[in-house]
1. Give me the pairs: first residue in segment 37-65 and without any contact (Cβ under 8 Å) to a residue 12 or more places away in the chain, second residue surrounded by 15 or more Cβ atoms within 10 Å (Cβ to Cβ) and in a loop (DSSP other than H, G, I, E, B), beta-carbon distance under 8 Å, and six or more apart or on different chains, which are they?
2. State all residues of segment 106-133 that are assigned to a loop (DSSP other than H, G, I, E, B) and among the hydroxyl-bearing types (Ser, Thr, Tyr); if no residue qualifies, say none.
3. Would you mind stating whether residue 55 is of a type in the set (Ser, Thr, Tyr) and either in contact with a helix residue (DSSP H, G or I) (Cβ under 9 Å, 6 or more places away or on another chain) or under 25 Å from residue 33 (Cβ atoms) (or both)?
4. Of all residues in segment 71-95, which are out of contact with any strand residue (DSSP E or B) (no Cβ under 9 Å at 6 or more places or on another chain) and closer than 16 Å to residue 40 by Cβ?
5. Please specify each residue of segment 112-133 satisfying the condition of being open to solvent by 30 Å² or more (accessible area, probe 1.4 Å) and either within 17 Å of residue 73 (Cα to Cα) or small (Gly, Ala, Ser) (or both).
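The values are calculated or read from the model by the stated rules, or taken from the named source; none is laboratory data. All of these numbers come straight from a predicted model, not from anything done at the bench. For neighbour counting, all protein chains shown are included, and Cβ atoms are generated from backbone atoms with ideal geometry for every residue, glycine included. To get the accessible areas, we keep the full protein, side chains included, count just its heavy atoms, and leave off ligands, DNA and RNA. Shrake-Rupley method; radii C 1.70, N 1.55, O 1.52, S 1.80 Å.
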Amino acid sequence: MKKSLMYLMSAILVAVFCFGVSSCSKDSDDSGDKSDLIGTWDFESYRYYDEENDSWTDPEPESGYWVITPNTITEYDVENGINGISADYTYDGQKIVIGGWITWKVVTLTNSKLVLQGESFAGYSEEVTLKKR
C-alpha cells in the first residue's frame, strides 16, 4: 500500500510541476527560519496512520531526496520516476506548502533531521523523515 500512495503522490506532484502551478509569494511575517531548510535532504522513512488500529505503522525505508533552495524544492527519486522536478514553496515556520497546494506540517526541523506530516490524496495521514546530507 505504501508504494501505491507514494506513486499517487508522485504522479500528482508531476502533474503540478508540469502545469506550472506556482505557490503564493512568501509572507513578510513568516515566523520560521527558512534557512534551516536549505540543503539536500535524503528520504529515510515513510509511515502512515492506520485508523483501523488507531496507531502509526512501523517506518519503512524510503528512497529519493529533495534539494531545497530559498525558492524551490526539487525532488529526485528514480525508483518512483521523479528526476529533477521542481516547484516553488512557502514555509511559515509550521508548514511547507509546495506548488501552492501540497501541505506538509513540520513536526521536527533540526540542522540534520526533518520530519513532515500530511494527508495523502487517498485520505491517509502520513509521515516522512528526511536526513540532511
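1. 50/57
2. Correct list: 110, 112, 120, 124.
3. no
4. Hit for segment 71-95 is 78, nothing else.
5. Those that are open to solvent by 30 Å² or more (accessible area, probe 1.4 Å) and either within 17 Å of residue 73 (Cα to Cα) or small (Gly, Ala, Ser) (or both): 112, 113, 117, 122, 123, 125, 131, 132, 133.
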